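Written out below as structure tokens is the structure these notes cover.
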Protein chains: 2
Amino acid sequence: MSEKKYRITFEPDGKSVFVRAGTTIYEATGEAGIIIKAECGGAGVCGSCKVRVVSGEYEESGSEAHLTKEEIENKTVLACRTKISSDMTVEIPLQSRLFEQKILTEGIEKPLKLSPNVRKQYVKVGEPSLEDQRSDLDRILDALENDGKRIPVDVLRRVPEKLRKGDFGTTVVLNRDEIIGIETGDKTDRNYGVAFDIGTTTVVGYLLDLNTGKQLAVSSMTNPQTSYGDDVISRIQYTIENRDGLDDLNERIVACVNDIIVDLADQAGIEKKYIYEVTATGNTTMTHLFFRLNPKYLALHPYVGVVRDSVEVRARELGVSINNYGKVVSMPNIAGFVGGDTVAVILASEIYKKKKLSFALDIGTNGELVLGNRNRLIACSTAAGPAFEGARINYGMRARDGAVEKVLIDEDGVEIGTIGNGLAIGLCGTGLIDAVAELLKAGVITANGRLLKGEDLPPDVPEFLRTRVIDHEKYGASFILVPGNESKTGDNILLTQKDVREMQLAKGAIFAGYQLLKSTLGVEDEDIDEILLAGAFGNYIRREQAMRVGLLPQVPKEKIKFIGNAAGAGARMVLLARELREETSRISENTEYIELAINADFQKVFADSMFFPEG
Amino acid sequence: MSEKKYRITFEPDGKSVFVRAGTTIYEATGEAGIIIKAECGGAGVCGSCKVRVVSGEYEESGSEAHLTKEEIENKTVLACRTKISSDMTVEIPLQSRLFEQKILTEGIEKPLKLSPNVRKQYVKVGEPSLEDQRSDLDRILDALENDGKRIPVDVLRRVPEKLRKGDFGTTVVLNRDEIIGIETGDKTDRNYGVAFDIGTTTVVGYLLDLNTGKQLAVSSMTNPQTSYGDDVISRIQYTIENRDGLDDLNERIVACVNDIIVDLADQAGIEKKYIYEVTATGNTTMTHLFFRLNPKYLALHPYVGVVRDSVEVRARELGVSINNYGKVVSMPNIAGFVGGDTVAVILASEIYKKKKLSFALDIGTNGELVLGNRNRLIACSTAAGPAFEGARINYGMRARDGAVEKVLIDEDGVEIGTIGNGLAIGLCGTGLIDAVAELLKAGVITANGRLLKGEDLPPDVPEFLRTRVIDHEKYGASFILVPGNESKTGDNILLTQKDVREMQLAKGAIFAGYQLLKSTLGVEDEDIDEILLAGAFGNYIRREQAMRVGLLPQVPKEKIKFIGNAAGAGARMVLLARELREETSRISENTEYIELAINADFQKVFADSMFFPEG
């Protein structure tokens, strides 16, 4: 976290994030949780991500072709083509915003009825006198609205001095009916909370002002548990095989959460001691590891967790550095691997309230799937693995500068787009989908996933593609996406037969889950009114390509909507509105689930789902 | 606690206590909370404390005169004349029991409706299967009677292993709606609690079986805070004047409580980890110091404490060594110095329910006074000081072997009784009262407290008394209670003018409190239906002598009743019956109080009360 960072503020939202030098404005919008149009996925080709620079230094290249003279004069640029090289303020015009993201706007930005769990109240109490010998605490309790308040003894111990330091004017911090703080004088203006989305691969924290509901900062980091295994099963395995394994993984995630909290507080210029609550959503394994609950039996047949409902604990007990008396609360799980992140997606997308039939899909290292409406909801969690995050792919990488994230094959040849538009280094998730989709169209990859080479290639495959298919001594049949003389590494960047198989496993797992949800609910593709794509990766997918590879069902494109980081949005919502906690408990209890690992049909459906759709 | 101790078991009660070699059976009954007749206060003269030795070795002297031949044959002895020199079993016949102690018998021994706060329930839950994938916690919660149970995360963490170790049979420990323990297998038979009476000078712990209500052991120790000052004000002063003063005093009392818990567990042969709750009563200062609440403002005008109502905290947080998830809960205070011990006395004596007008008096280092009935109760706390515990008296000592505890002056001379009947070492509280009462009768002490000497002595004072009044070079006028050649120390044991003044202060403080309670309630001595004497000292007072010195008002002797350690009884009651906690809160709220330190009339009434009644 020590690298040079710049603050970029988005208007009229007022949101700020800190990003490294060289980050594009487009990437920064993602970190700030603002979703803008980028049909080409930030490749600089669609020209839809126009923003206006209000102040600050930047490096821009390739915007002009998409801009009018007037736009150039008022410092409009393409967000994806503009790198940040100082603190900046950027205005995002309405026409560049992606208004399909109704959930984020309706659910979060248009504020909820603000009713945070943590409230602060300033009270000025009478000073003790011969006529008024009430105890210090009684005089505070009598000044509060309702009876029945509790106070932990360690807060109680500080009452006498706090009260007298502020001349008997004091700020009471209430978490529901518990007095979690007594502060000298009027400090009611400082009341913050942090919502965390603890992903298997990425952890995101959102700092919120609990008095206004306003989001003050966003910060994200790679989950440091990744070095213990890139999927949930390998992490659980680590806790089983190593005596201190659970402690190790717990310490890592707590340290990460603390780093993010420091960053958030720095960004917003607030003190950590005024953060009174942390809400955390994540899959069942992440929740177990964060709360140091043994996940062992989650990985063993018949796959049961320690706890389903929400867990609440003092932050200090968990080692989370916020106010000494602050709390950390988890989103409830549903069952087995169907975790709090799914509950958060259901909450934020509001599909549990809707009449129309929705299919919500949050693709991370796991794929969380929910199908249904207000009458009945069914969820499952698929072990898609981190292929879409670039892992397990021979030339795979995370979605950052130099990643091939767009592939276009037409009669003129193979066109490649990289994030940042520089020389290619590797292949990220969207690039993987594109490459497979384009090679399927071209006939280089068959419906059953074979990457054809030499004589096996159909006769209509043009020569410029044939020459790109090689028989790699190690990887076997491979397609040269970027020749070595055009790559940054100097090596060929390949899509290998194994990569296609990984992709089949990943998309097959998700699609099989979808099939089982459908058959359980007794509906068909055409009954589905909307497909909601959540999560960072989901929001960069090109919908036609996702349908082409069979990651998504064949539906009219407009039915597929992007809803941003819905899990994070859910965590923010429960931080701001305490009555939603009961809502999440109800969602947790009422959502049915399919445990794929023990579903008798899963293996067959999974095998079928690994096929690519016929052309 | 390492000295050689013997177990003495009382039948038919079944109570056991451990006592040092040489302790009398009479003293042991006190430690066991059994009250027997001892009109002479254990001096071996009244012959009322007859008990029968069932088994064990002992040293007896001086019983025979009071016993029939038959009694001697069946090993009947006087409890006060018999010292323990091995493990013993002793039967206390009905006729030796003091049945005026109605509170103890009615309130505690005839069990309350047993409803302890802590309950244990064994549940055998279904094992996880493909058909039953509930989380570990859900399967426990579903097996319990009611919904809405909470579980702290550190208990939750142990659920998976505990559950599987016991083949899914587990004992759930519930503190109201909180699950404070999950134990392997069926451990419902082990459920204990300890009630503490934390006195300024003496700390007593009672170990109770929460399943049966039975008292398993009693243990007491001198409050080690005594070395920081013998009254509450000097202890508070210590916390004000020393940076770590509060921590010092808190550590001392917690260590003492822990020593007593070890002793109780040893006596009863149980494991400390099955003690789940501690209730503690004490005066306001003792409660503040035990819970590490700053008592500073209690000692400063206008005398307010940190908290009035009951405080509850995890034992571990306080350093109290019971079950890791056990709790410590205090009796609520009333206000200022009128503390939880007063509430406990009110609860145990049931004067808040009675129609008749009662005056309850608990004499310790402070005197706690309550006057009233079910319509109106008024309490006050008087700083009597530790004179009755032998402190601040020139030749004073605690009530133990060698203490002069009885003084009789008649025409034949001065007769002295000591505890243990050996040579005198010093003077304890009852001896002090006796000495002053007898010298008042003889005219050696005047109604205003002057100890007369030489020519000032009235002419009718016999010669054998005149020669005992000396003009001590240091103490001035002094009465030789025991000449040096008859004392164990070889020195004269004196009652000095200063001792008489200390006694006047102590009894004056108590009597002044009583006067103010009476005038506030608008009643006279003759309106009072009963005087209830509580506390260890109270139970050894000779009633006529207490009236003679003006410690108690002049009432028919039979109105004065001994109620044993009512504060301790109150603490035991709330441990066994949780609904009594609300009762104590109501008592705390509804009892009026007089803060003597700020009462305009107190100084005058106090000055008047220091006089002794005219002969």
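The values are calculated or read from the model by the stated rules, or taken from the named source; none is laboratory data. Please read all numbers here as calculations on a predicted model, not as lab measurements. Don't worry about glycine lacking a Cβ; one is built from the backbone with ideal geometry, like all the others, and counts go over all protein chains shown.
Selection of first residues in segment B:330-341 that are away from every other protein chain (no Cβ under 12 Å) and of second residues that are small (Gly, Ala, Ser) and assigned to a strand (DSSP E or B), restricted to Cβ pairs under 9 Å at least 6 apart or on distinct chains, gives the following pairs, ordered by first then second residue: B:Met331/B:Ala280; B:Met331/B:Gly282; B:Gly340/B:Ala280; B:Gly340/B:Gly282; B:Gly340/B:Ser330; B:Asp341/B:Gly282; B:Asp341/B:Ser381.
Determine, yes or no, whether B:Val257 is buried (at least 19 other Cβ atoms within 10 Å of the Cβ) and either more than 19 Å from A:Asp136 (Cα to Cα) or within 11 Å of chain A (Cβ to nearest Cβ) (or both).
Working: buried (at least 19 other Cβ atoms within 10 Å of the Cβ): yes; either more than 19 Å from A:Asp136 (Cα to Cα) or within 11 Å of chain A (Cβ to nearest Cβ) (or both): yes.
Answer is yes for this residue.
Annotation note: Cβ proximity below 6 Å between a residue of segment B:57-82 that is free of Cβ contacts under 8 Å to residues at least 60 places away in the same chain and a residue that is hydrophobic (A, V, I, L, M, F, W, C) and in a helix (DSSP H, G or I) (sequence gap 6+ or interchain) occurs for B:Ala79/B:Ile25; B:Thr82/B:Ile25.
Kindly indicate whether A:Ser358 is small (Gly, Ala, Ser), at pLDDT 95 or above and touching an Asp or Glu at 6+ places or on another chain (Cβ under 7 Å). So that I can check it myself, show each step before the final result.
On the way: small (Gly, Ala, Ser): yes; at pLDDT 95 or above: yes; touching an Asp or Glu at 6+ places or on another chain (Cβ under 7 Å): yes.
Yes, satisfied.
Screening the candidates B:Gly107, B:Gly62 for the property of being on the phi > 0 side of the Ramachandran plot and either surrounded by 19 or more Cβ atoms within 10 Å (Cβ to Cβ) or modelled with pLDDT of 80 or more (or both) yields one hit, B:Gly62.
Scan segment B:392-406 and tell me whether some residue there is farther than 15 Å from B:Leu494 by Cα, more than 24 Å from the chain's Cα centre (by Cα), surrounded by fewer than 23 Cβ atoms within 10 Å (Cβ to Cβ) and assigned by TED's automatic domain parsing to the domain that holds B:Val461.
We begin by selecting, within segment B:392-406, every residue farther than 15 Å from B:Leu494 by Cα; these are B:398-401.
Still in the list and also more than 24 Å from the chain's Cα centre (by Cα): none.
Scanning segment B:392-406, I find no residue that is farther than 15 Å from B:Leu494 by Cα, more than 24 Å from the chain's Cα centre (by Cα), surrounded by fewer than 23 Cβ atoms within 10 Å (Cβ to Cβ) and assigned by TED's automatic domain parsing to the domain that holds B:Val461, so the answer is no.
Of the residues A:Val444, A:Val469, A:Val436, A:Val414, which is outside the structural domain of A:Ile541 (by TED's automatic domain parsing), within 28 Å of A:Val555 (Cα to Cα) and free of Cβ contacts under 8 Å to residues at least 60 places away in the same chain? First the steps, then the outcome.
Numbers: A:Val469 fails: within 28 Å of A:Val555 (Cα to Cα); A:Val436 fails: free of Cβ contacts under 8 Å to residues at least 60 places away in the same chain; A:Val414 fails: free of Cβ contacts under 8 Å to residues at least 60 places away in the same chain.
A:Val444 is the lone residue from the list that is outside the structural domain of A:Ile541 (by TED's automatic domain parsing), within 28 Å of A:Val555 (Cα to Cα) and free of Cβ contacts under 8 Å to residues at least 60 places away in the same chain.
Is it the case, given these coordinates, that A:Asp167 is more than 14 Å from chain B (Cβ to nearest Cβ), among the acidic types (Asp, Glu) and in a loop (DSSP other than H, G, I, E, B)? Walk me through how you get there before you give the answer.
On the way: more than 14 Å from chain B (Cβ to nearest Cβ): yes; among the acidic types (Asp, Glu): yes; in a loop (DSSP other than H, G, I, E, B): yes.
The answer is yes for A:Asp167.
Taking the numbered list (1) polar (S, T, N, Q); (2) buried (at least 20 other Cβ atoms within 10 Å of the Cβ); (3) more than 14 Å from chain A (Cβ to nearest Cβ) in turn, B:Thr284 passes all entries but (3). In segment B:2-19, the residues that are under 14 Å from B:Ser55 (Cα atoms) and among the charged types (D, E, K, R) form Cβ pairs under 8 Å with partners that are assigned to a loop (DSSP other than H, G, I, E, B) and at pLDDT 80 or above, at six or more places apart or across chains, as follows: B:Arg7/B:Asp87; B:Glu11/B:Ile92. When A:Asp197 is tested against (1) surrounded by 20 or more Cβ atoms within 10 Å (Cβ to Cβ); (2) in contact with a Ser or Thr (Cβ under 7 Å, 6 or more places away or on another chain); (3) within 14 Å of another protein chain (Cβ to nearest Cβ), only condition (3) is not met.
Condition check ((1) under 18 Å from B:Ile594 (Cα atoms); (2) under 29 Å from the mean Cα position of the chain (by Cα)) across all residues:
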position: B:Asn492; (1), (2): no, no
position: B:Lys498; (1), (2): no, yes
position: B:Gln504; (1), (2): no, yes
position: B:Tyr514; (1), (2): yes, yes
position: B:Lys518; (1), (2): yes, yes
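Checked against (1) over 22 Å from the mean Cα position of the chain (by Cα); (2) more than 24 Å from A:Arg501 (Cα to Cα), A:Ile409 passes all but condition (2).
When you check A:Asn333 against the structure, is it at pLDDT 95 or above, among the polar types (S, T, N, Q) and either assigned by TED's automatic domain parsing to the domain that holds A:Ile179 or surrounded by fewer than 18 Cβ atoms within 10 Å (Cβ to Cβ) (or both), yes or no? Quick ask: steps written out before the conclusion?
Values: at pLDDT 95 or above: yes; among the polar types (S, T, N, Q): yes; either assigned by TED's automatic domain parsing to the domain that holds A:Ile179 or surrounded by fewer than 18 Cβ atoms within 10 Å (Cβ to Cβ) (or both): no.
No: the conditions fail for A:Asn333.
Only a single item in (1) in a loop (DSSP other than H, G, I, E, B); (2) of a type in the set (Ser, Thr, Tyr); (3) surrounded by 19 or more Cβ atoms within 10 Å (Cβ to Cβ) is not met by B:Ser478, and it is number (1).
If we scan segment A:207-222, do we find a residue that is closer than 29 Å to A:Asn294 by Cβ, aliphatic (A, V, I, L, M), surrounded by fewer than 24 Cβ atoms within 10 Å (Cβ to Cβ) and out of contact with any strand residue (DSSP E or B) (no Cβ under 9 Å at 6 or more places or on another chain)? No - not one qualifying residue is present in segment A:207-222. Scanning segment B:113-145 for residues that are of a type in the set (S, T, N, Q) and touching a residue at least 24 places away in the same chain (Cβ under 8 Å), we see that the one that is surrounded by the fewest Cβ atoms within 10 Å (Cβ to Cβ) is B:Ser115.
Looking only at residues of segment B:302-313 that are facing chain A (nearest Cβ under 8 Å) and touching a residue at least 40 places away in the same chain (Cβ under 8 Å), we find that the one that is nearest to A:Val159 (Cα to Cα) is B:Arg308. Of the residues contained in segment B:497-516, none is found to be surrounded by fewer than 23 Cβ atoms within 10 Å (Cβ to Cβ) and of a type in the set (Val, Ile, Thr).
Quick check on A:Lys272: is it surrounded by fewer than 22 Cβ atoms within 10 Å (Cβ to Cβ) and either farther than 25 Å from B:Glu161 by Cα or assigned by TED's automatic domain parsing to the domain that holds A:Ala344 (or both)? When the stated conditions are applied, A:Lys272 passes them. Quick check: anything in segment A:287-295 away from chain B (no Cβ under 14 Å), under 22 Å from the mean Cα position of the chain (by Cα) and surrounded by 24 or more Cβ atoms within 10 Å (Cβ to Cβ)? No, because not a single residue in segment A:287-295 is away from chain B (no Cβ under 14 Å), under 22 Å from the mean Cα position of the chain (by Cα) and surrounded by 24 or more Cβ atoms within 10 Å (Cβ to Cβ).
One residue stands out in segment A:583-609 among those that are hydrophobic (A, V, I, L, M, F, W, C) and more than 14 Å from chain B (Cβ to nearest Cβ): the one that is surrounded by the most Cβ atoms within 10 Å (Cβ to Cβ), namely A:Ile587.
If we keep just the residues of segment B:128-157 that are more than 9 Å from every other protein chain (Cβ to nearest Cβ) and in a loop (DSSP other than H, G, I, E, B), which is nearest to B:Gly326 (Cα to Cα)? Break it down into steps so the answer makes sense when it comes.
Keep residues of segment B:128-157 that are more than 9 Å from every other protein chain (Cβ to nearest Cβ), which gives B:140, B:142-149, B:155.
From the residues that got through so far, the ones that are in a loop (DSSP other than H, G, I, E, B) too are B:144-149.
Numbers: B:Leu144: 20, B:Glu145: 22, B:Asn146: 21, B:Asp147: 22, B:Gly148: 20, B:Lys149: 16 Å.
Across segment B:128-157, the extreme among qualifying residues is B:Lys149.
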